[in-house]
Amino acid sequence: MPINFDKAFGVHDNALLLFERRTQLLTANIANADTPGYKARDIDFNKVLQGAQSEQLSMRVTNQGHLPVSTNELNQHHKFRIPDQSSADGNTVDVQKEKAAFAENTIRYQTTLNILSRRIDGLRNAFKGE
């Protein structure tokens, strides 16, 4: 009986890619906190996850070596943050919010990685017959 890794891993492998992309956005926001006119961006993880679960995202793999989620599909979910308080230079980065979002994203990434590790260990044990 062949093993379907998509079913075994669920959405967790794609979630790791999403968390990685969100980490990149949040670090760019923090790095540009003092850049005049910089607009903070983020990804609405829940919206992307709902779309992935209901298969509203049009994912297409043209080569077996390609990753299932493309950068273009992730980029369409980038949203600009609406600042609580406007700044004189037009920058919308709130460093405290960015750091909090970064910490939350890191915890979610690590949790998802742990889930995947346990599933891989389970598959490994099944192959060994343990």
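What follows draws every value from the coordinates through simple rules; no lab data is involved. Just so it is clear, the model here is predicted, and its values are computed rather than measured. All Cβ positions, even for glycine, are placed from backbone atoms using ideal geometry, and neighbour counts span all protein chains on display.
Details
- Projecting label points 7 angstrom from Cα along Cα→Cβ for residue 99 and residue 125 puts them 4.0 nm apart.
- Reachable lysines, given that their alpha-carbon falls under 26 Å from the alpha-carbon of residue 47 and they are not under 8 places away in the same chain: 7, 39, 79, 97, 99
- Annotation: amide H of residue 81 within the under-5 Å range of 40, 41, 42, sequence separation 5 or more or interchain, hydrogens built in the peptide plane.
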